1. What angle, in degrees between 0 and 90 and rounded to the nearest 10, separates the Cα long axis of helix 34-43 from the longest principal axis of the Cα atoms of the chain?
2. Once you wrap a convex hull around the alpha carbon atoms of region 482-578, what is its projected area averaged over all directions, in nm²?
3. Quick one: which residues, 5+ away or cross-chain, put their amide H under 5 Å from the amide H of residue 391? H built at 1.01 Å from N.
4. Please express the shape of the chain as an equivalent ellipsoid: the semi-axes are the square roots of 5 times the eigenvalues of the C-alpha gyration tensor, given largest first in whole angstrom.
5. How much space per residue, in cubic angstrom, does the convex hull of the C-alpha atoms of region 508-653 take up?
6. Can you work out the Karplus-derived ³J(HN,Hα) for every residue in region 58-73? Use 6.51 cos²θ - 1.76 cosθ + 1.60 with θ = phi - 60°, whole Hz, and x for glycine or proline.
7. Report, ordered by chain and residue number, the aspartates and glutamates lying within cross-link reach of residue 241, taken as a straight Cα distance under 19 Å and ignoring same-chain residues fewer than 8 apart.
8. Return the loop-located trypsin sites (Lys or Arg not before Pro) in region 118-172 (DSSP other than H, G, I, E, B) with at most 11 other Cβ atoms within 10 Å of their own Cβ; answer none if there are none.
Amino acid sequence: MYKKFIPFLLIFTSFVSDFSFNNRVDLASNNLSSYEIYRINKAQGKIIEQKYSLTINFLNSSMEVVHDPYFDLLDPDTSYFVIPPVVDNLSANIPYIEGYIHKDTTIDVIYSQVSVWNGTISESFSGSGTKLNPYLITSASDLALLAKKETTSRSSGSADPYNGKYFKLTKNIDLNNIEWTPIASNFAANYTKPFTAIFDGNNHLISNLYIDKPNGVSYGLFGALGANGMIKNLNLSGSVKAYSRVASLVSCLNATTSVVDNCHIYGTAYCTGNKSNSQYIGAITGVNKGNITNCSNHAHIDSSYGGVGGIAGANQGSINNCDNYGQITLSSSQTGIGGIVGLASGSDTCEITNCNNYAPFTALSSLTGGIIGSTNKKGANILNCNNFGRFISSATSVGGICGTLDSLSAEIKGCKNFGYYESYAQYNGGIVGHVHPGLVTNCVNYGDFNVSQEKYNGGCIGSAYSDGTIIDGCVNHANVNGFEEIGGIAGYITQDVKNCHNYGTINGVTKVGGIVGFLNKGRLDNCTNEGHITALTSRAGGIAGYFETGVGSNNAFLKNSTNSGTITSKDYSGGVVGHCKNGLVENCTNCGLVDLSGQSSGGVIGHLTDSGIAKNLKNTGDVNGNASIGGCIGYAGAATTISELKTSGYINGEYSDTKVIGTDKH
């Protein structure tokens with residue numbers, strides 16, 4: 001919906017698609033925030049009252065009011081977009097304000113004078129460059145002087161003439177769309193003239209930055225940031241077009257001690273890598289080896305090649321508490337696109353913590369993620385990050401948080417996806433598309449997931465394999481509708497999955513599970529399902545639709561797991577496992593309804609074949625079917641091993657505590 005508030009425009013829209021949870025959720029046991037409780041209750045049609053306040057103050061540099069503030073109470077499902085009012089002879093330090101309301105929010109817009117650049121360059125700075133008496137950038141011409149001193153008047157490889165000095169912006173600057181020469185750049189990938197001073201934007205705006213260098217390398221407002229260099233408290237808008245290592249703010253943070261803090265990219269700013277092998281495009285930086293904190297991107301980013309991120313194209317440093325609202329477009333089939341980071345790079349661990357993506361994605365290329373496209377076989381820690389953006393994917397290895405996690409030293413922990421997801425390809429997941437290998441722990445999916453006629457898709461993970469892969473403590477609350485090898489947690493797993501829980505409704509054609517669609521030689525322990533699981537033709541299970549392992553493989557198992565959801569299918573389906581071939585199923589319980597129209601209907605296992613082992617199984621749910629119907633096992637093959645079965649439910653409407661196996665060939 002749209003609201004208009006004179007003299008500025010305020011637009012409200014639903015930022016994330018509607019959630020649908022037609023299932024029971026134990027809120028207390030899941031330790032959910034009030035925001036998450038609101039979303040689940042709303043989706044279940046429960047009437048609750050919860051709103052968050054949005055306050056916008058309009059002040060001058062002396063913090064005096066220059067326009068009446070705006071105040072409203074908004075639903076947590078609301079995004080906002082505000083154009084500040086016009087104030088005579090002053091300009092706002094933020095071109096527009098946008099965000100997504102999930103807590104009480106207060107924003108101050110500061111108005112000050114603006115200096116419009118006419119292409120001239122000052123002769124000198126006022127101030128002495130110390131922390132207490134910094135060099136003052138009082139005009140656009142002063143900023144041009146800094147660029148001249150740091151770039152054109154400085155030989156390659158020479159020390160920064162302002163090393164360790166301090167600069168401070170005193171007013172808003174309009175660069176007037178005049179071609180800009182970056183501050184401290186040698187226009188190459190080796191960054192031999194980095195900026196090693198401290199630049200404080202003082203929360204002012206530099207607008208109408210313009211760079212058009214289709215064949216250029218290392219372009220932005222700044223070229224490179226070196227050891228102990230810092231850029232902070234700056235708002236920026238404009239247009240940057242170059243070939244590689246491109247950013248609105250700074251091409252590269254080139255040292256572990258380089259810092260960018262509290263910088264925000266707005267407006268029509270975009271970065272374009274326009275050659276077939278252009279790469280490393282970001283709003284804050286093309287390549288990060290340092291530390292980026294408290295930054296945001298609101299601008300469109302476009303590239304024809306991979307390594308594209310809302311904050312950084314490539315990251316081997318640390319990015320903390322950053323947000324992306326800007327749409328990212330890749331006009332080719334290249335890979336590595338993320339709302340925060342495109343690709344992990346370098347030998348140091350890529351750290352991304354407490355970051356959020358709000359932008360929608362139309363993924364046409366693989367290795368696309370709401371937070372990071374790919375860990376790129378590098379060490380990486382992605383911690384406590386959230387995706388709110390809608391995904392429509394026609395490419396493989398795409399995820400709400402990460403496209404591909406592919407290193408034993410890479411972990412995704414405590415991350416959440418709230419975005420709606422449509423997949424038209426394999427290896428797509430609400431958290432990670434493809435894990436091979438890596439660790440995914442304590443992650444939660446809330447975004448409904450719809451899959452076309454493809455397999456290896458899951459509410460949290462599309463597929464996970466390779467030695468050392470562990471999926472631990474993950475939860476799915478959303479509905480997943482798919483085709484084959486579809487799961488609430490994962491579509492396909494060959495390694496370890498434990499302590500995971502599904503509350504969503506999972507629908508597919510075959511190999512459909514509340515936790516995993518196809519558990520192939522993997523190890524599953526201590527998982528639960530409460531959602532309704534449906535396979536149109538066969539192999540539906542509350543925990544696993546299909547569990548297969550090699551003959552004599554003793555290290556693969558499904559243990560200590562419980563189903564309380566309804567299982568609906570035609571053939572080969574059970575409360576815990578639909579079809580088990582050669583695997584071990586032990587210490588498992590079903591208390592949900594198993595409702596089949598065909599054969600091999602079991603309270604715990606529908607179809608147990610080859611050298612499958614069933615041990616210590618219990619069923620208290622009702623079981624329906626046409627043939628081979630058992631309280632614990634529907635059909636047991638000749639080579640199977642079975643012990644300790646208990647049932648106490650109804651079989652086709654008749655109570656039985658003795659018919660534990662429907663058709664027993666063992």
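The values are calculated or read from the model by the stated rules, or taken from the named source; none is laboratory data. Remember, it's a predicted structure, so these values are computed and weren't measured experimentally. Here the Cβ positions follow ideal geometry from the backbone for every residue, glycine too, while neighbour counts run over all protein chains shown. The accessibility values were calculated without ligands, DNA or RNA, using every heavy atom of the protein model including side chains. Shrake-Rupley method; radii C 1.70, N 1.55, O 1.52, S 1.80 Å.
1. Relative to the chain, helix 34-43 is tipped by roughly 60 degrees.
2. In nm², the orientation-averaged hull projection of region 482-578 is 4.9.
3. 361, 420, 421, 422
4. Values: eigenvalues 611, 130, 58 Å².
So the three semi-axes of the chain are 55, 26, 17 Å.
5. Numbers: hull volume 10.8 nm³, N = 146.
Spelled out: Cα convex hull of region 508-653, divided by residues, is 74 Å³.
6. 10, 10, 9, 5, 8, 6, 8, 5, 10, 7, 4, x, 10, 9, 7, 10
7. Here the aspartates and glutamates satisfying the reach criterion relative to residue 241 are 174, 179, 212, 302.
8. Details: sites: 131, 148, 149, 154, 165, 168, 171; in loops: 131, 154, 165, 171.
Here the trypsin sites (Lys or Arg not before Pro) that fit, given the DSSP loop and packing criteria, are 131.
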